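All remarks here apply to the structure that follows.
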Amino acid sequence: HYSYIIGYKDGLLRPYGEISRGEVAAIFFRMLTDKTRNEYWSQTNSFTDVDADAWYNTPVSTMTAMGILSGRTAATFDPDAPITRAAFTKMAVNFFDYHVKDYDGRFTDVEGDA
């Protein structure tokens, strides 16, 4: 079992703080099996705001290569922004490869990609 939620360098977890898009990418990256992580391992992506030396580069690059996450735009990921519930849900659905056959439209405030 790997720790998929890791605290901050100051030793705190900050359970009531916001979580960033980069942090969520890292959590899902840590949940991959070793086999899957090795198969899709990547340190390159097309996002202009994900530097090669950023701590979240490998998770974002790998999860993008797998098709699990996407950017806010084709060129930006916005890794330091707080993640929305919609974006988190989309990432989780992609991670677990869950597909809804017939969405009943019960959430009237959800439109388009998250």
Can you tell me how many residues in region 37-73 are open to solvent by 40 Å² or more (accessible area, probe 1.4 Å) and farther than 17 Å from residue 19 by Cβ?
19
Can you name the number of the only condition in (1) closer than 30 Å to residue 109 by Cα; (2) surrounded by 12 or more Cβ atoms within 10 Å (Cβ to Cβ) that residue 14 fails?
(2)
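Taking region 1-40, which residues are among the aromatic types (Phe, Trp, Tyr), assigned to a helix (DSSP H, G or I) and more than 17 Å from residue 55 (Cβ to Cβ)?
The one that is among the aromatic types (Phe, Trp, Tyr), assigned to a helix (DSSP H, G or I) and more than 17 Å from residue 55 (Cβ to Cβ): 40.
Out of everything in region 61-90 that is in contact (Cβ under 8 Å) with a residue 60 or more places away in the chain and not in a loop (DSSP other than H, G, I, E, B), what residue ends up being farthest from the chain's Cα centre (by Cα)?
82
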Could you tell me whether any residue of region 74-92 is loosely packed, with under 11 Cβ neighbours inside 10 Å and modelled with pLDDT of 90 or more?
yes
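The values are calculated or read from the model by the stated rules, or taken from the named source; none is laboratory data. This structure is a prediction, so every number in the text was calculated from the model and none was measured. Neighbour counts are summed over all protein chains in view; Cβ atoms, including those assigned to glycine, are modelled from backbone coordinates with ideal geometry. SASA here: full protein model, heavy atoms, side chains in, ligands and nucleic acids out. Shrake-Rupley method; radii C 1.70, N 1.55, O 1.52, S 1.80 Å.
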